[in-house]
Each structure stands twice: as structure tokens, then as C-alpha cells.
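Everything on this sheet refers to the single structure shown next.
The values are calculated or read from the model by the stated rules, or taken from the named source; none is laboratory data. Predicted, not measured: the structure shown is a model, and the values here were computed from it. In this analysis, Cβ positions are derived from the backbone assuming ideal geometry, glycine residues included, and neighbour counts consider all displayed protein chains. Accessible surface is based on the protein model in full, side chains and every heavy atom, while ligands, DNA and RNA are left aside. Shrake-Rupley method; radii C 1.70, N 1.55, O 1.52, S 1.80 Å.
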Amino acid sequence: MKWSIDYFNSDIEEKILGLPSGLLAKYLRLTDLMLEFGPNLGMPHTKSLKEGLLELRLKGREGIARVMYCTVFRKKIVMLHVFIKKSQKIPKKELEIALKRMKEVRS
């Protein structure tokens with residue numbers, strides 16, 4: 001059984017599809033790999049954050065974006081949150097949003 005990708009809600013999917021073209025191309029390429037090989041592609045593509053939360057690391061000419069996601073049973077990847085990164089560290093607010101959504105998905 002291969003992996004599948006779901007979105008926390010339609011807004012997340014729209015925000016991801018609205019990323020600048022270079023970042024979107026990177027997202028689509030990496031998610032194709034995730035569907036085939038699983039959610040943890042390793043650095044520099046994915047990184048484990050905490051409590052089962054992972055980030056998909058997108059970098060292009062237009063900047064840097066992060067898509068936070070988690071996995072649930074039956075080989076399902078759920079995209080929880082997306083944001084354009086403007087500083088070295090992940091803003092606490094962005095991390096809290098993703099963690100809250102992950103808890104909601106897993107309960």
C-alpha cells in the first residue's frame with residue numbers, strides 16, 4: 001500500500017497551490033517522492049520537529065517556505081500548515097498552529 005496525502009482543510013490546500021511557481025514545483029516534486037517512499041525523505045527535504053510533527057522544506061528563487069505535516073495510521077500524510085519563512089527560526093506562532101492541528105487530526 002502506498003502513502004496518500006490529505007490536507008487539514010481546503011484553505012491549506014489553496015495556500016500551498018498559491019505558492020510562487022518555483023516553490024510549488026519543489027512541493028509537487030517532493031510530495032511525489034513522499035507518496036512513493038514515505039513521509040521522511042531526510043535532510044535537506046524533510047525534518048522532524050517534535051511530537052511527531054515534520055516539516056517539508058521548500059527553497060527556491062522566490063524564497064523559503066515550510067509545510068508542516070504529520071502522519072496518521074494507514075499510511076496517510078496530513079498537511080497541516082504552510083508559511084513563508086522570513087527568519088532563521090520557525091516562529092513560535094506557526095509551530096503552535098501546526099501542533100494544535102496535529103492534535104486535532106490525531107484525536
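Scanning segment 1-19 for residues that are open to solvent by 50 Å² or more (accessible area, probe 1.4 Å) and touching a strand residue (DSSP E or B) at 6+ places or on another chain (Cβ under 8 Å) gives Trp3, Asp6, Tyr7, Phe8, Glu13, Lys15. For segment 1-40, filtering for residues that are under 19 Å from Arg61 (Cβ atoms) and part of a helix (DSSP H, G or I) leaves 12. Here are the criteria: (1) under 14 Å from Tyr7 (Cα atoms); (2) among the small types (Gly, Ala, Ser); (3) over 12 Å from the mean Cα position of the chain (by Cα). Tell me which single one Gly60 does not satisfy. Of the numbered conditions (1) under 14 Å from Tyr7 (Cα atoms); (2) among the small types (Gly, Ala, Ser); (3) over 12 Å from the mean Cα position of the chain (by Cα), the odd one out for Gly60 is (1). Against the conditions (1) aliphatic (A, V, I, L, M); (2) out of contact with any Lys or Arg (no Cβ under 7 Å at 6 or more places or on another chain); (3) open to solvent by less than 20 Å² (accessible area, probe 1.4 Å), Leu28 satisfies every one except (3).
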